[in-house]
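Note sheet for the following structure.
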Amino acid sequence: MATRLKDYFDEQVKLYNQPNFIAQDPICIPHLFQKKQDIEIAGFFAAIFAWGNRTIIINKSKQLLERMDMAPHDFVINHEPSDLKRLLGFKHRTFTDGDVLYFIEFFHQHFKNHASLETAFTQDWDDNSEHIGAALNAFKKYFFSHEHVRRTEKHISSPQQKSTCKRLNMFLRWMVRKDKSGVDFGIWKTISPSQLICPIDVHVARVAVRFNLLQRTQMDWPAAEELTRYLRLMDPTDPVKYDFALFGIGVMAPKFIKFEML
């Protein structure tokens, strides 16, 4: 049964891990860019915005980047105080212009001293780490190391809060994974794909429970760890590639084949 399940999931990965998947997914936002830092910044905003309707997520991400003249790295490094006025009035669900301004300040401070956003996640990285949990905790602390309004903290999750960290895990998948499909970027090399944690939301969790990949009923960090441990049994080197299968079955094709038929 396990072999047949793996074969089925591998087929689903092939079905959804394709360039034609990009246009309908928030990953299309960083794909608008070629420069590494633009990909990182645009991808980060798109991932943080990624809850709710995907069309709205994509449109809101584009609107914000257009206010930066579609050159986010140049904007965060070289903007004048008057340029920040362009960001006023932006809103996506609970993400307001005040949150945007803090994100811009963080990026400004970080990219003054670092060539990539990767170092924000790997400053104390241990190559022997089982997964990126500790790195996500450290990232949140680093991200909010500048003066900020407390309400902005809700937009960056961490395992310490027992959050699934779905959006950050998705962003890391984009940056770390690389294969021949051309969907994920694979521009970061410090973290191994084997150390990633599968992004998990209600759609993914529903499919995971349906296929007996997940026993935990609470949507939290331990659930994300549990799911990823199972996925590692199918592919120890690249477990989160199955995010394509879980998401694709749950969102793109919700009336998936019955488990009993496998």
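Values computed for the structure shown
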| read-out | value |
| --- | --- |
| Filter result for the condition that a residue is of a type outside the set (S, T, N, Q), within 29 Å of Thr119 (Cα to Cα) and touching a residue at least 40 places away in the same chain (Cβ under 8 Å), over Ala2, Ala42, Ala23, Ala47 | Ala47 |
| Filtered residue count, the stretch 138-149, keeping only those that are under 26 Å from Glu226 (Cβ atoms) and loosely packed, with under 15 Cβ neighbours inside 10 Å | 1 |
| Tabulated pairs, the stretch 129-145, first closer than 19 Å to Tyr102 by Cβ, second assigned to a helix (DSSP H, G or I) and among the aliphatic types (A, V, I, L, M), C-beta under 8 angstrom, 6+ apart or interchain | Leu136/Leu168; Phe139/Ala120; Phe139/Leu168; Tyr142/Ala120; Phe143/Ala120 |
| So Thr152, is it in contact with a Phe, Trp or Tyr (Cβ under 7 Å, 6 or more places away or on another chain), β-branched (Val, Ile, Thr), part of a loop (DSSP other than H, G, I, E, B) and surrounded by 16 or more Cβ atoms within 10 Å (Cβ to Cβ) | no |
| In the stretch 29-38, the residues that are surrounded by fewer than 19 Cβ atoms within 10 Å (Cβ to Cβ) and assigned to a helix (DSSP H, G or I) | Leu32, Lys36 |
| Single unsatisfied condition, Leu168 versus (1) assigned to a helix (DSSP H, G or I); (2) at pLDDT below 95 | (2) |
| Top-ranked residue of the stretch 40-51 - restricted to ones that are in a helix (DSSP H, G or I) and in contact with a Lys or Arg (Cβ under 8 Å, 6 or more places away or on another chain), ranked as nearest to Phe21 (Cα to Cα) | Ala47 |
| Residue tally, condition charged (D, E, K, R) and without any contact (Cβ under 8 Å) to a residue 40 or more places away in the chain, over the stretch 167-188 | 2 |
| Qualifying position, being farther than 28 Å from Lys178 by Cα, surrounded by 15 or more Cβ atoms within 10 Å (Cβ to Cβ) and touching a residue at least 12 places away in the same chain (Cβ under 8 Å), among Phe121, Phe90 | Phe90 |
| Any hit, the stretch 73-85, residues being at pLDDT 95 or above and closer than 18 Å to Pro26 by Cα | no |
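Conditions (1) of a type in the set (Lys, Arg); (2) crowded, with 21+ Cβ neighbours inside 10 Å; (3) without any contact (Cβ under 8 Å) to a residue 12 or more places away in the chain, marked per residue:
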site	(1), (2), (3)
Trp51	no, no, no
Ile57	no, yes, no
Lys62	yes, no, no
Glu66	no, no, yes
Asp69	no, no, yes
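The values are calculated or read from the model by the stated rules, or taken from the named source; none is laboratory data. On a predicted model such as this, the values are computed, not experimentally measured, just so you know. Ideal geometry is used to build each Cβ from the backbone, glycine not excepted, and the neighbour counts take in all protein chains shown.
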